[in-house]
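Data block below; observations after.
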Amino acid sequence: MTVDPVGTVTSTDLIVGGMTCAACVSRVEKRLARLDGVSATVNLATGRARVTHPSDVAREELIAAVERAGYTAEPPPAPRPFEAASPTEPRAADSRARREERDRLLITALLSVPVLVLSMVPAVQFRNWQWLCFVLAAPVAVWGAWPFHRRALLGLRHSAATMDTLVSLGVAASFVWSAYALFLGGAGDPGMRMPFTLLPSAGGDVARVYLEAAVAVPLFVLTGRFLEARARRGTGEALRSLAGLAAEEVTVREDAEERLIPLARLRVGQEFIVRPGERVATDGVVTSGSSALDLSLVTGESEPVEVAPGERVIGAAVNAGGLLRVRATAVGADTRLARITRLVTDAQAGKARAQRLADTVAGFFVPVVLTLAVTVLGFWLGAGADPQAAVTACVAILVVACPCALGLATPTALLAATGRGAQLGVLVNGPRALETLRHVDTIVLDKTGTLTTGQMTVAKVTSVPEGLGHDAALRLAGAVEAGSEHPLGRAIAAYARRTLPEQPLPEVTGFRSTAGFGVAGRVDGHRVEVCAPGSALPDTLARALTDAEAAALTPVSVRVDGADVALVAVGDRLRPGGYRAVRRLRRLGVEPVLATGDREAPARAVAAELGVTDVHARCTPEDKARLVRRLRERGHRVAVMGDGVNDAAALARADLGIAMGGGTDVAIGAADVTLVRGDIEAVADAVLLARRTLGTIRANLLWAFGYNVVTVPLAAVGWLDPMVAAAAMSASSLLVVGNSLRLRAWQPAPSRLSRTVRSRARGGSRR
């Protein structure tokens, strides 16, 4: 349960049981909306209701309202402390219910198969075969179909009609007519034979029995729901796998001793150990050690990420190399993993506009079908048709008309898409974001922290040919800068340690830092200065200085005993895949625009490297918001991608906000899409995922509506056998779910890992 800052509006989640179709969804939403100030969004695929209501409306009142509609409701299970539990995590009660459904299906199948064979294959029909079928069909029509009868009766008590009402009436009508035919209509003659046709038949001296329909309807519907439930659980598999990444125990270091404790007891500020092969217990900062971390299961990052002291790590990442000591910076619900899980869960609670229409239609669908069935029955009888033909048409209408596919069209696609997006490092807040993302034609990109990493790093080291050499100059510079707190100094020291791991940085004496100049000290008997370049540089370093300034890098000179021996170019590093991302966005019809608060030269240099032509430098947060407004006034659908507080206003003003997962909470809170992996190529993946998902939803709804438009008239004119109608009805739901499941295996492009492997096979990867 969450409350807004004012404390007047509350959001509550409920688990609703007993829903089987979109008509159920519509009924629960309408019943909750009868309470003053209450609105609800119910998801058939997850069985969850997201209810917004005044804070003075207790949760018990909401549960009572759902129960008055004929369904069950309960609060979701509370997650265990310090754990990002999945909302789709199976519970013991759910497991028991699934076992009962499986057992009911198996027994129903064992009893139904002989009835179907005997009814459909005249060659195997023996004397009194119809009475054996009647004995086998009776428990199927009563016990096998009991879930439908029970829910239909429960709906009747609450003046509601759902899919279960249609199935229950269809089974009852088929079985009752067959009993009449056997006992009073002449079909009970020991030598009776019945031919099988796909189209219903009527007429003759002997009434036809529909025992095959009486068993086929519950058999096919139970089978369809069993397979549908398995498929729907599969759509939430990605979210459950995310929740299962949390470690159970952690090794902490206290008083020079190591102890294994439950993760729930870990607190912010404590240090813990991560050995090779173990998962990082929670978000933190490395205090000692270095290693490579596998983040593929958390952020979709396919390549291991190197970490060293002072760098941040994400909980649930797998330590692929050395021993790490980490200081916890976040635990429980504040971790990146928990935030990812919450974002995906919230996304699955929403509805697309098309699904709202489908649910509205479904609310009227079942009463209309019941009215149509009665009308067709009366019309056939009033026209003097055979009663058997009239009953056949009526039963076929009841069975074939199913709003289940309407209710599943969007939720299953959204479940599969959000789960797949989480695996790819793309978190979408809900259907509205997907719908908007699909139509975006302009994206405003921030530079620092979005297109670049936001961290200074060494781009190039140039040494004079006759000097100490590249490695020696870098080693001396790194040793002096190891005592500096300046970002440039830290970048040079870190680069030296990383580039020369087998050569420890030597001791420094007489260290001195001068503001505006640089640092100096004695290393291995040499006077070493790392400072701003002077005017009298050797030709090699002068050319390197010109190149560095042209690329908007910061040049630093290394002097040893008064002579310039090397030039180090330091700058903000571009994120991987930036050029590919821009190129892919243009192919998708999305034009990139660069807007940054940085100087003109760095902005132009980054834009040139990425291929962006529209550049806006020295932008304040207000300037970025005004730029977004101007673009929207020109008719563009604008997305903004940023990571900092200064991007929050533009993110909120845009049609769609996209935040980097490593950015500030303010930026993430103002965004509709969050990219948790560091590769900005994920934004192109997000656009493609949105378009594929919306296309899948449209195809599902087209089928769901089109199926009923075609089959109901066929049933009304007597061209659809009830058994075929039952199979078609089950197949419609399975087709919708199966089409949505294709999103689980969706691949936007060849993975970066495979590209790296191919590149290395050719002799090395390109920068």
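The values are calculated or read from the model by the stated rules, or taken from the named source; none is laboratory data. Just so you know, these numbers come straight off a predicted model, no measurement behind them. In this analysis, Cβ positions are derived from the backbone assuming ideal geometry, glycine residues included, and neighbour counts consider all displayed protein chains.
List of remarks:
- Of all residues in segment 585-603, exactly one satisfies the criterion of being surrounded by fewer than 21 Cβ atoms within 10 Å (Cβ to Cβ), of a type in the set (A, V, I, L, M, F, W, C) and over 21 Å from ALA682 (Cα atoms), namely ALA601.
- Being over 18 Å from ILE680 (Cα atoms) and modelled with pLDDT of 85 or more holds for only one residue in VAL570, VAL582, VAL606, VAL612, and it is VAL570.
- Residues of segment 256-299 satisfying the condition of being surrounded by 15 or more Cβ atoms within 10 Å (Cβ to Cβ) and among the basic types (Lys, Arg): ARG279
- Candidates ASP598, ASP614, filtered to the one that is more than 32 Å from the chain's Cα centre (by Cα), farther than 29 Å from VAL305 by Cβ and touching a residue at least 12 places away in the same chain (Cβ under 8 Å): ASP614
- Contact map, segment 11-36: first residue among the polar types (S, T, N, Q), second residue surrounded by 22 or more Cβ atoms within 10 Å (Cβ to Cβ), Cβ cut-off under 6 Å, separation 6 or more or different chains; pairs are THR12/VAL51; THR20/MET163; THR20/ASP164; SER26/ASP359; SER26/ALA362.
- Filtered residues of segment 553-572 (kept if surrounded by fewer than 19 Cβ atoms within 10 Å (Cβ to Cβ) and either not charged (D, E, K, R) or not assigned by TED's automatic domain parsing to the domain that holds ARG490 (or both)): THR554, GLY562, ALA563
- Of the residues examined, VAL582 is one that is crowded, with 19+ Cβ neighbours inside 10 Å, over 15 Å from ALA473 (Cα atoms) and of a type outside the set (Phe, Trp, Tyr).
- Evaluation of ALA84 against (1) in contact with a Pro (Cβ under 8 Å, 6 or more places away or on another chain); (2) among the small types (Gly, Ala, Ser); (3) modelled with pLDDT under 75 (one fails), failing number: (1)
One line per residue, one yes/no per condition, for (1) among the small types (Gly, Ala, Ser); (2) touching a helix residue (DSSP H, G or I) at 6+ places or on another chain (Cβ under 9 Å); (3) surrounded by fewer than 24 Cβ atoms within 10 Å (Cβ to Cβ); (4) outside any helix (DSSP H, G or I):
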| residue | (1), (2), (3), (4) |
| --- | --- |
| ARG127 | no, no, yes, yes |
| TRP131 | no, yes, yes, no |
| ALA138 | yes, yes, yes, no |
| PHE148 | no, yes, no, no |
| ARG151 | no, yes, yes, no |
| LEU154 | no, yes, yes, no |
| ALA161 | yes, yes, yes, yes |
| ASP164 | no, yes, no, no |
| ALA172 | yes, yes, yes, no |
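- For segment 36-62, a tally of residues being out of contact with any helix residue (DSSP H, G or I) (no Cβ under 6 Å at 6 or more places or on another chain), under 22 Å from THR8 (Cα atoms) and assigned to a loop (DSSP other than H, G, I, E, B) returns 6.
- Selected residue (criterion: modelled with the lowest pLDDT) from residues of segment 375-401 that are β-branched (Val, Ile, Thr) and under 24 Å from SER732 (Cα atoms): VAL399
- Any chance LEU434 is under 37 Å from the mean Cα position of the chain (by Cα) and assigned to a helix (DSSP H, G or I): yes
- Strands (runs of 3 or more DSSP E) wholly inside segment 451-546 containing at least 3 residues that are closer than 22 Å to ALA308 by Cβ: 452-463
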